[in-house]
Amino acid sequence: MIAQPAFPAEPWSVRETTLDLDLLGQTESVFALANGHIGLRANLDEGAPVAIPGTYLNSFYELRPLPYGESGYGYPESGQTIVNVTNGKLIRLLVDDEPFDVRYGRLVAHERELDLRDGILRRSADWISPAGTAIRLRTTRLVSFTQRAVAAILYELEPRDATVRVVIESELVANEPGIPTDADPRAAAALEAPLQTEGSSDRGARVLLIHSTKRSGLLMAAGMDHVIDAPERIEISAESEPDVGRVIVVTTLRPGQRLRLVKFLAYGWSSLRTHSALQDQVVAALAAARHTGWEGLRAEQRRYLDEFWASADVEIDGDLELQQAARFALFHTLQAGARAEQRAIGAKGLTGPGYDGHTFWDTERFVLPLLTYTAPKAAADALRWRARTLDLARERARELGLEGAAFPWRTIRGQECSGYWPAGTAAFHIGADIADAVVRYQAATGDDEFEREVGLELLVESARLWRSLGHHDGPGRFRIDGVTGPDEYSALADNNVYTNLLAQKNLLAAADAVARDPQRAAQLGADREEAAAWRAAADAMVIPWDETLRVHPQAEGFTRHEHWDFAATPADGYPLLLHYPYFELYRKQVVKQADLVLALHWRGDAFTAEEKARNFDYYEALTVRDSSLSASTQAVIAAEVGHLELAYDYFAEAALIDLHDLQHNTRDGVHIASLAGAWIVAVAGFGGMRDHDGQLTFAPRLPVALPRLVFRLRFRDRRLEVEITKTKATYVLLEGAPLEIGHHGQTIQVAIDEPVTLPIESLLPRARPSQPHGRTPSRRSPDAERLAA
Ligand code: BGC
């Protein structure tokens, strides 16, 4: 865990004021920079010490065998693992005769700051070498949002009190020593030296290295170029070997003098393009970056982020740490998806090797709601990537004896990579999550071209899967048996409520889409008859209900299972999946992560207020939050049913997941779904935003500790700002045509220069539900009840 004061609370920065080597793995992830295409972990410039070296290119992976003790039909035979590609971050320094290394000599001061408005990572170090030479080093890094193939580092060096001879080696290094392997299934498969050389060259201060993967057949090029500004005579030389490229700068600096080096980095990869095409692409990217220059890249970065924050910012008064965490969360989610451009958005973004760099349902369920309302193009691109994998998903469905498309539970390129099918392939709800993201994206943007090009096909193929996976029973009800819902501590269950309600929506949306565009539908072989069968299945969908307990079992029979013995489970027995056999978890009432409660959010239109309240309390007592994908959903429904303080506690848990390393695995990469979930809590929890049937409605309410919350979002070419205080909400249209929205059940119109302010009635407080023994979230505001009284 990261102790609370590790990062002082500041509104627009995450700052580390001393270098704690025990937290290096975590801070490498927290301070990672990415643009959705390139990801750089915050490894120290000089390369050591290092916890996990990491440079990633979206979807650049290697194949590895998936060995099974007992294999079975349809098991995937190989897995995909993200590759730590050629490291261009390295800048080694020799001060007189001593290598700069924070573990030697004396580190007088060290600070790193992730600036969320500038989109850069600043580092400064005051160091005295073992021989007594004092230097000051400042480096600034960025991964460009505007030039997607480019990253850059500004490296500035000054001697403090004596003349020094300095040698700087700016490097590109491929096949860095791997990371230690880990028994935790959530960590990554280590790949030893995954890159084979395809060529290297140097010219002036520019070096290129080209490599390929051995099995996945991908080619990549990494290039670096430099602009160096030195007060005294300098010598510059370059050399390139298969796995190392170096530009060496030698000079002397007197006190008061400064050496300034800008390192431009460019990356490209392809499965199709030739060696020379890729090389030319990287040379061109480097030339463009040099042309823009360091100051130009910085200015572009700032402009890009100014525009993002203007339609995405969340302001939180009364809790500065949460303010910081909420912006950090938005920033990392943007970094994961901004320029992914029809490639996958991974569960860790491009910040670490966790989960092998795979993409899960996390993208559509948690990340796309945020991107849809703040950076809609990135949301569309993520769905276009899914559409590009449709052939593979259709093939997978055929292999499983099903119609339509079966999307992979975890993947990089589109093939199923889950070797454990009860929690992988059987989690068919991913298809409905994708369909749901399509429907919400289309409703929020009115992007007709998207619907024609990809939306309709995604809806049709996912609806076909449900139609073939489920069946009408004797009385004609439509059942979807033997699937795994979001709660992975139950598997192969019949009629999971979340799955069935989302499938129902998927079937109806597909039928509506076919009716809207029969011509395009006909090209996909879909007609009114097929659509009628989807509607019939949707209308007859089984939604189990426990009449005795008056709650929804998350799947048929669930509420009859024995309760997990929480009192006998020690604190170090969590996460349960690492300490108990799945067989035990599956047959007991214990919930890994919000499942029925997730249905209460995204299909809230299918439940009464009373059902929501009773269901929420029931599942609170069973949910252990062994996944980071739970707290945000619990927060949203807690807020809706009136447990505002509990919602606040969960908000903090979701938002601080990485800044406090709450799951003890931030070193493997940040938890993008939880971070995106923090935005969902602000907007859908305390803002009460829902978008059922394309209608935007709000039901704002704040917990005691927060006097004011403001958020902005994009909706159908408009920008809307919602300002919430304890007693009223103000809706301000910042851009676009007048808009009809809902406020606590009342329909209103907002127009530019005509903000609407409406009162918020307070709720009668309800008794706080209990969680499993030892799993109560930390109280964010211990004196909230007293303050409320
Ligand atoms: C969760 C999954 C999730 C995965 C990747 C697991 O712990 O249970 O639902 O997709 O993490 O974030």
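The values are calculated or read from the model by the stated rules, or taken from the named source; none is laboratory data. No experiment lies behind these values; they were computed from the predicted model shown. Every residue, glycine among them, receives a Cβ derived from its backbone with ideal geometry; neighbour counts consider all protein chains shown. With ligands, DNA and RNA removed, areas are computed over all heavy atoms of the protein, side chains included. Shrake-Rupley method; radii C 1.70, N 1.55, O 1.52, S 1.80 Å.
Structure data summary
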{"quantity": "Failed condition for A325, given (1) part of a loop (DSSP other than H, G, I, E, B); (2) farther than 30 Å from M224 by Cβ", "calculated": "(1)"}
{"quantity": "Selection status of A325, under 28 Å from A423 (Cβ atoms) and open to solvent by less than 10 Å² (accessible area, probe 1.4 Å)", "calculated": "no"}
{"quantity": "Output for the stretch 69-114, where each listed residue is hydrophobic (A, V, I, L, M, F, W, C), assigned to a loop (DSSP other than H, G, I, E, B) and either more than 23 Å from E176 (Cα to Cα) or under 24 Å from the mean Cα position of the chain (by Cα) (or both)", "calculated": "V83, V85"}
{"quantity": "Unmet requirement for G557, which otherwise passes all of (1) in contact with a Lys or Arg (Cβ under 6 Å, 6 or more places away or on another chain); (2) at positive phi", "calculated": "(1)"}
{"quantity": "Test: residue in the stretch 335-344 that is modelled with pLDDT of 95 or more, farther than 21 Å from E10 by Cα, of a type in the set (K, R) and open to solvent by less than 10 Å² (accessible area, probe 1.4 Å)", "calculated": "no"}
{"quantity": "The one condition in (1) buried (at least 24 other Cβ atoms within 10 Å of the Cβ); (2) within 22 Å of A427 (Cβ to Cβ); (3) within 16 Å of the ligand (Cβ to nearest atom) that Y582 fails to fulfil", "calculated": "(1)"}
{"quantity": "Qualifying residues in the stretch 483-525 (those that are open to solvent by less than 30 Å² (accessible area, probe 1.4 Å) and without any contact (Cβ under 8 Å) to a residue 60 or more places away in the chain) - the one farthest from K592 (Cα to Cα)", "calculated": "V514"}
{"quantity": "Residue that is outside any helix (DSSP H, G or I) and within 16 Å of the ligand (Cβ to nearest atom), where the choices are R667, R625", "calculated": "R625"}
{"quantity": "Residue ID - farthest from the chain's Cα centre (by Cα), chosen from residues in the stretch 625-678 that are farther than 18 Å from E321 by Cα, among the acidic types (D, E) and surrounded by fewer than 24 Cβ atoms within 10 Å (Cβ to Cβ)", "calculated": "E640"}
{"quantity": "Among the residues listed as P759, P765, P738, the single one being open to solvent by 50 Å² or more (accessible area, probe 1.4 Å) and touching a residue at least 60 places away in the same chain (Cβ under 8 Å)", "calculated": "P765"}
{"quantity": "Selection status of A652, away from the ligand (no atom under 16 Å from the Cβ), more than 22 Å from A375 (Cα to Cα) and either part of a loop (DSSP other than H, G, I, E, B) or modelled with pLDDT under 95 (or both)", "calculated": "no"}
{"quantity": "Top-ranked residue of the stretch 670-710 - restricted to ones that are within 15 Å of the ligand (Cβ to nearest atom) and in a loop (DSSP other than H, G, I, E, B), ranked as farthest from P53 (Cα to Cα)", "calculated": "H671"}
{"quantity": "Among residues of the stretch 430-439, those that are away from the ligand (no atom under 13 Å from the Cβ) and within 19 Å of S468 (Cβ to Cβ), counted", "calculated": "4"}
{"quantity": "Test set (1) assigned to a strand (DSSP E or B); (2) of a type outside the set (K, R); (3) touching a helix residue (DSSP H, G or I) at 6+ places or on another chain (Cβ under 7 Å); (4) farther than 15 Å from L696 by Cβ - L713 fails condition number", "calculated": "(4)"}
{"quantity": "Among (1) among the polar types (S, T, N, Q); (2) open to solvent by 40 Å² or more (accessible area, probe 1.4 Å); (3) part of a helix (DSSP H, G or I) - the single one T559 does not satisfy", "calculated": "(2)"}
{"quantity": "Top-ranked residue in the stretch 180-192 [being within 23 Å of the chain's Cα centre (by Cα) and open to solvent by 40 Å² or more (accessible area, probe 1.4 Å); ranked as modelled with the lowest pLDDT]", "calculated": "D182"}
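Residues are listed down the side, and each one gets a yes or a no for (1) outside any helix (DSSP H, G or I); (2) among the polar types (S, T, N, Q); (3) within 13 Å of the ligand (Cβ to nearest atom); (4) in contact (Cβ under 8 Å) with a residue 60 or more places away in the chain:
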{"position": "F566", "(1), (2), (3), (4)": "yes, no, no, yes"}
{"position": "D572", "(1), (2), (3), (4)": "no, no, no, no"}
{"position": "V597", "(1), (2), (3), (4)": "no, no, no, no"}
{"position": "D605", "(1), (2), (3), (4)": "no, no, no, yes"}
{"position": "E610", "(1), (2), (3), (4)": "no, no, no, no"}
{"position": "F616", "(1), (2), (3), (4)": "no, no, no, yes"}
{"position": "S632", "(1), (2), (3), (4)": "no, yes, yes, yes"}
{"position": "A638", "(1), (2), (3), (4)": "no, no, no, no"}
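Each row is one residue, and each column tells you yes or no for (1) surrounded by 20 or more Cβ atoms within 10 Å (Cβ to Cβ); (2) within 16 Å of the ligand (Cβ to nearest atom).
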{"site": "D391", "(1), (2)": "no, no"}
{"site": "R396", "(1), (2)": "yes, no"}
{"site": "Q415", "(1), (2)": "no, no"}
{"site": "F428", "(1), (2)": "yes, yes"}
{"site": "G446", "(1), (2)": "no, no"}
{"site": "F450", "(1), (2)": "yes, no"}
{"site": "L458", "(1), (2)": "yes, no"}
